[in-house]
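Trainee: What follows is a structure written as structure tokens; I'll ask about it next.
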Amino acid sequence: MILQKSVQEIIETAKIEDVVSDFVSLKRRGVNMIGNCPFHNEKTPSFTVSPQKNIYKCFGCGEAGNPVSFVMEHEGFSYPEALRYLAKKYGIQLEETGNREEHQRERQLMDSLFIVNEFAREYYHDQLFGTDMGKSIGLSYFKERGFREEIIKKFELGYAPQKGDSFTLHAVQKNYNVSLLQKVGLSNRYGKDFFRGRVMFPIRNLSGKVIGFGGRILDSRKKTAKYLNTPETEIYNKSKVLFGIHFAKKAIRQQDDCILVEGYTDVISLHQSGIENVVASSGTSLTQGQIQLVKRYTKNMTILYDGDAAGVKAALRGLDLVLEQGLNVQVVLLPEKEDPDSYIKKVGITAFKEYLSKEAQDFILFKTNLILKETKNNPVKKAELIKDIVGSIARIPDPIKRSVYIRECSGLMDMNETVLINETNKIVHGLVTKSVLKSAPQPDRPPPMMEEGFPPEFYDPSMGQGTQMPVNPTQKKPTPAKNDEFQEKDIIRILIEHGEEDLDDDQTVAECVLTDMQELIEDFENKLYYKFIKTYHTAFALNNKPLTNSQLSNHEDPEIQKLTVDMLSSPYGYSHNWVDRYEKPLESRENLKVYFKKDMLSSINRFKLKKIIAMCEKNQARLKGIPPNNFEEMMRILKVQQKLTQLRDKLAELLNTVVLK
């Protein structure tokens, strides 16, 4: 675990403009900087960086945060990985807790594995361009495929010599440990190379580090696998990797769509033609880990299939998992005997893009039409088709989408919509029941109603005629926003924007707010605002000083962090005319503290007024419920009501507000 001392040093050192500028072209606009958002596709810049506040905010898609969260979101890093990235960028020595020696050994091992893979990547690449065998076999193969030299160098493709121990001997001569070569799957236990006589495709993780390789055999006479991948290692897990994701992630965000193809060459060929939002599953069925990778950047997926109907049918069976994860899936079937690589070379980039746009079909409807062709005049096969399609529809979490698909499919299959609805509900019921049984509840608490992958939308009592889906009795209906929420938000705004400001009476704004409202903190009804003010109050009580904007925007709680950044960000700025035309720079207002104080007192008093009005209403209701013969209790409540009314009227007078009751 990274020590807080090191975390604080990183937070204090990292400059948001430096970090963002590594990935986004920024232009100065007043005190801020602006550029095109890296998290969504836009033509007019709405991504704002504030060097003064050390935060960023996109007013188009809502993404916001600090230097650490930017690196996490943009590069797909975990929190510790982002800290290490920034520490390396700024030359900060990290201090970590735990078993120091053990942790250091583990870290060194992981670093060593990446270093060995990088050495191998460089070796294979040099073999491709620097040896006669590499040029005549490997490079000629890539050029026959139509790959230009710049794309070969971009993906750093390579060639593994045919001789059985060429790489291993070279690595040992360079003082690389044989056991490390075996750990990353580059050498076997007999000291022989794992990859021999193959063209090499380095496989990278999200951050661009080489974690493994794919190798294609070039001699068709050999009875061996056409493609060979690095075996599972400590840094390479095939089910959690998509080939090309490092190069594609920015384009996927911008296009809001991920194109999925089968092989390495398809990815490279499309990249060469300018279509960069493309990845490959390397011939395997999509796994949950791979789907989660895509979901980081988009909820839309377009899958390109070769024009082999039998192969497509087999592949479609594995896509229910994608639907279950809530992705919108489209399918494009290429002409017969074509794959993405061959077809784009045949028709060119413009015609290829037009074909994708024209032929893209929704997955469910594509699957229905494809199988319908085989079920004509065969009621048994048609029944199997219905079960297959309904099974896929039942996996979709959104009930509205499910109902739309059922309506469309009932028309295509010439089936009564009610029958399909009831059948879908049965399957969903079975999926949910299976989830409950699988969860193994503890005796002292009720069983969970759903498992991850079956969100609340599954529980839809209105779907179907005569059939109800299971309703979760513990699920609360969303409550509308309270009237007090605006006042609560305004108190939080004052603490964030002006908490550190000094007042005339040697108090900070934060101290004044927290002291005046100490007894009212528990009355906050919005959960997020209540969490914020409790956190702020606790920190203030411990340190006797306000939390800084930096502490809040880098808070360990992501909800507090985001709330702070949102409060500090505004799409609006002061007009330059204040200086240029009126010669009145806003920073030089003489009575600035008066404005802070008025703003603060107004917010506090409005919050108090709302609470007192609510108390008056509760007390009045209590008064109506007292029996006429209980005179003593009636008088007691009337006295309380009188005091509340006096306090209410006094606050209303201060706020210049009329309260009629």
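Trainee: Could you list, in sequence order, all residues of segment 262-290 that are modelled with pLDDT under 90 and within 23 Å of the chain's Cα centre (by Cα)?
Mentor: If we filter segment 262-290 for residues that are modelled with pLDDT under 90, which is where we start, we get 262-263, 281-290.
Correct list: 281, 285, 286, 287, 288, 289, 290.
Trainee: If you check residue 357 against the conditions, is it in a helix (DSSP H, G or I) and within 17 Å of residue 300 (Cα to Cα)?
Mentor: Details: in a helix (DSSP H, G or I): yes; within 17 Å of residue 300 (Cα to Cα): yes.
It is true that residue 357 is in a helix (DSSP H, G or I) and within 17 Å of residue 300 (Cα to Cα).
Trainee: Just to be sure before I move on: is residue 146 surrounded by 15 or more Cβ atoms within 10 Å (Cβ to Cβ), modelled with pLDDT under 95 and either in the same structural domain as residue 271 (by TED's automatic domain parsing) or over 18 Å from residue 213 (Cβ atoms) (or both) in the structure I sent? Write out each step before concluding.
Mentor: Details: surrounded by 15 or more Cβ atoms within 10 Å (Cβ to Cβ): yes; modelled with pLDDT under 95: yes; either in the same structural domain as residue 271 (by TED's automatic domain parsing) or over 18 Å from residue 213 (Cβ atoms) (or both): yes.
In short, yes.
Trainee: OK, next. Is segment 143-161 home to any residue that is hydroxyl-bearing (Ser, Thr, Tyr), in a helix (DSSP H, G or I) and either within 30 Å of residue 83 (Cβ to Cβ) or over 32 Å from the mean Cα position of the chain (by Cα) (or both)?
Mentor: Start the filter on segment 143-161 by keeping residues that are hydroxyl-bearing (Ser, Thr, Tyr), which leaves 159.
When the remaining residues are screened for being in a helix (DSSP H, G or I), the result is none.
No, there is no match, as no residue in segment 143-161 is hydroxyl-bearing (Ser, Thr, Tyr), in a helix (DSSP H, G or I) and either within 30 Å of residue 83 (Cβ to Cβ) or over 32 Å from the mean Cα position of the chain (by Cα) (or both).
Trainee: Please enumerate the residues belonging to segment 324-343 that are touching a residue at least 40 places away in the same chain (Cβ under 8 Å) and touching an Asp or Glu at 6+ places or on another chain (Cβ under 9 Å). Show your work before the answer.
Mentor: Step one: list which residues in segment 324-343 are touching a residue at least 40 places away in the same chain (Cβ under 8 Å), which gives 324-326, 339-341.
Those that are touching a residue at least 40 places away in the same chain (Cβ under 8 Å) and touching an Asp or Glu at 6+ places or on another chain (Cβ under 9 Å): 326, 339, 340, 341.
Trainee: Tell me yes or no: at least one residue of segment 88-104 is closer than 27 Å to residue 254 by Cα, under 26 Å from the mean Cα position of the chain (by Cα) and surrounded by 13 or more Cβ atoms within 10 Å (Cβ to Cβ).
Mentor: Pass one, segment 88-104, residues closer than 27 Å to residue 254 by Cα: 89.
Applying the additional criterion that residues be under 26 Å from the mean Cα position of the chain (by Cα) yields 89.
Within this subset, residues satisfying the condition of being surrounded by 13 or more Cβ atoms within 10 Å (Cβ to Cβ) are 89.
Taking every residue of segment 88-104 in turn, at least one turns out to be closer than 27 Å to residue 254 by Cα, under 26 Å from the mean Cα position of the chain (by Cα) and surrounded by 13 or more Cβ atoms within 10 Å (Cβ to Cβ).
Trainee: Within segment 279-298, can you find the residues that are under 11 Å from residue 321 (Cβ atoms), in a loop (DSSP other than H, G, I, E, B) and either in contact with a Phe, Trp or Tyr (Cβ under 6 Å, 6 or more places away or on another chain) or not β-branched (Val, Ile, Thr) (or both)?
Mentor: Residues satisfying the conditions are 285, 286.
Trainee: Among the residues of segment 5-18, is any part of a strand (DSSP E or B) and polar (S, T, N, Q)?
Mentor: The initial filter retains those residues of segment 5-18 that are part of a strand (DSSP E or B), namely none.
No, the conditions are met nowhere in segment 5-18.
The values are calculated or read from the model by the stated rules, or taken from the named source; none is laboratory data. None of the values given here were measured: they were computed from a predicted structure. Note that each Cβ is placed from the backbone with ideal geometry, even for glycine, and that neighbours are counted across all protein chains shown.
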